[in-house]
Amino acid sequence: DGGITQSPKYLFRKEGQNVTLSCEQNLNHDAMYWYRQDPGQGLRLIYYSQIVNDFQKGDIAEGYSVSREKKESFPLTVTSAQKNPTAFYLCASSIRHYDGYTFGSGTRLTVV
Amino acid sequence: AQKVTQAQTEISVVEKEDVTLDCVYETRDTTYYLFWYKQPPSGELVFLIRRNSFDEQNEISGRYSWNFQKSTSSFNFTITASQVVDSAVYFCALDMDSSYKLIFGSGTRLLVRP
């Protein structure tokens with residue numbers, strides 16, 4: 001079945017560490033996105049990529065980095081510069097932005 | 001500025017009641033797209049519907065219906081005869097050709113009690 005796979009489901013990070021969240025899709029979608037969700041809030045865009053080897057900052061990109069070397073993969077690195085990384089991270093993809101997004105099941109990141 | 005407002009933070013109903021989730025949006029674009037997503041406890045967002053700004057027809061899908069009114073910038077979602085399985089957080093979202101990204105409201109948590 002086609003879909004988006006995010007791993008791991010749960011991730012614990014120590015202060016000062018970088019961690020990378022994986023996002024893989026087999027939908028042949030060109031566009032991919034990373035969103036952050038905090039309790040009781042909506043989703044906020046971190047980064048998005050409309051095509052391989054190209055990506056743009058979203059509304060809250062500080063402290064995060066991404067790469068898009070393959071169409072299927074869009075990993076997100078949460079760096080030590082991100083002051084409050086504890087959140088639920090959702091990856092999504094779409095054929096065209098106005099078609100609606102397909103979301104992964106998310107990664108819950110906790111700083112310990 | 002583009003914005004989506006879901007004023008209802010949480011709604012609690014008894015099974016079989018009808019419930020309406022409100023969504024108000026702001027945009028200066030003439031071409032835009034509105035969405036509703038459902039987020040069950042598992043966390044994954046599930047696509048429910050998309051509407052473009054040129055199509056104001058209301059839509060019904062089973063127990064779900066949507067009322068799009070450009071005059072009031074609203075895109076409300078009604079669940080008829082609610083069921084316990086409808087319990088989830090529901091998000092309204094806005095997309096525009098000028099921005100290439102979804103803007104989400106803060107969500108409405110719906111609890112359907114047996």
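The values are calculated or read from the model by the stated rules, or taken from the named source; none is laboratory data. Small disclaimer: the values here were computed from a predicted structure and weren't measured. Cβ sites come from the backbone with ideal geometry, for glycine too, and all protein chains shown count toward neighbours.
Can you spot a residue in region A:71-78 that is touching a Gly at 6+ places or on another chain (Cβ under 8 Å) and more than 14 Å from every other protein chain (Cβ to nearest Cβ)? Yes, some residue in region A:71-78 is touching a Gly at 6+ places or on another chain (Cβ under 8 Å) and more than 14 Å from every other protein chain (Cβ to nearest Cβ).
Is it fair to say A:SER94 is surrounded by 13 or more Cβ atoms within 10 Å (Cβ to Cβ) and farther than 30 Å from B:ILE11 by Cβ? Spelling it out, it is not the case that A:SER94 is surrounded by 13 or more Cβ atoms within 10 Å (Cβ to Cβ) and farther than 30 Å from B:ILE11 by Cβ. The single condition among (1) within 24 Å of A:LYS57 (Cα to Cα); (2) assigned to a loop (DSSP other than H, G, I, E, B) that B:PRO41 does not satisfy is (1).
Let's see how each residue does on (1) on the phi < 0 side of the Ramachandran plot; (2) within 10 Å of the chain's Cα centre (by Cα); (3) at pLDDT below 95; (4) not small (Gly, Ala, Ser):
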site	(1), (2), (3), (4)
A:MET32	yes, yes, no, yes
A:GLY40	no, no, yes, no
A:ILE46	yes, yes, no, yes
A:GLU62	yes, no, no, yes
A:SER65	yes, yes, no, no
A:SER80	yes, no, yes, no
A:LYS83	yes, no, yes, yes
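Within region A:8-42, being more than 15 Å from A:THR102 (Cα to Cα) and among the hydroxyl-bearing types (Ser, Thr, Tyr) holds for A:TYR10, A:THR20, A:SER22.
In the set A:LEU11, A:LEU21, A:LEU90, A:LEU27, only one residue is part of a strand (DSSP E or B) and within 24 Å of B:ALA93 (Cα to Cα); that residue is A:LEU90.
Of the residues that sit in region B:1-53 and are within 9 Å of another protein chain (Cβ to nearest Cβ) and among the aromatic types (Phe, Trp, Tyr), which one is farthest from A:TYR35 (Cα to Cα)?
Here the answer is B:TYR32.
Residues in region B:79-114 that are in a strand (DSSP E or B), of a type in the set (Gly, Ala, Ser) and facing chain A (nearest Cβ under 9 Å): B:ALA93 alone. Could you list all residues from region A:35-61 that are assigned to a loop (DSSP other than H, G, I, E, B) and small (Gly, Ala, Ser)? Listed by number, the residues that qualify are A:GLY40, A:GLY42, A:GLY58, A:ALA61. For the structure I just gave you, tell me whether A:GLN82 is outside any strand (DSSP E or B), buried (at least 20 other Cβ atoms within 10 Å of the Cβ) and not small (Gly, Ala, Ser). Here the answer is yes, as A:GLN82 does meet what is asked.
Scanning for something modelled with pLDDT of 95 or more, farther than 27 Å from B:PRO114 by Cβ and polar (S, T, N, Q), does region B:2-13 turn up at least one residue? For region B:2-13, residues modelled with pLDDT of 95 or more, farther than 27 Å from B:PRO114 by Cβ and polar (S, T, N, Q): present. Of everything in region A:94-112 that is within 12 Å of another protein chain (Cβ to nearest Cβ) and not in a loop (DSSP other than H, G, I, E, B), the residue that is farthest from B:ILE49 (Cα to Cα) is A:ARG108. Check region A:43-60 and report whether any residue there is away from chain B (no Cβ under 14 Å), acidic (Asp, Glu) and either in contact with a helix residue (DSSP H, G or I) (Cβ under 8 Å, 6 or more places away or on another chain) or exposed (fewer than 13 other Cβ atoms within 10 Å of the Cβ) (or both). For region A:43-60, residues away from chain B (no Cβ under 14 Å), acidic (Asp, Glu) and either in contact with a helix residue (DSSP H, G or I) (Cβ under 8 Å, 6 or more places away or on another chain) or exposed (fewer than 13 other Cβ atoms within 10 Å of the Cβ) (or both): absent.
Is at least one residue of region B:14-36 within 27 Å of A:THR107 (Cβ to Cβ) and loosely packed, with under 14 Cβ neighbours inside 10 Å? No, the conditions are met nowhere in region B:14-36. B:ILE60 meets each of the listed conditions (1) hydrophobic (A, V, I, L, M, F, W, C); (2) under 22 Å from A:GLY42 (Cβ atoms); (3) part of a strand (DSSP E or B) apart from (2).
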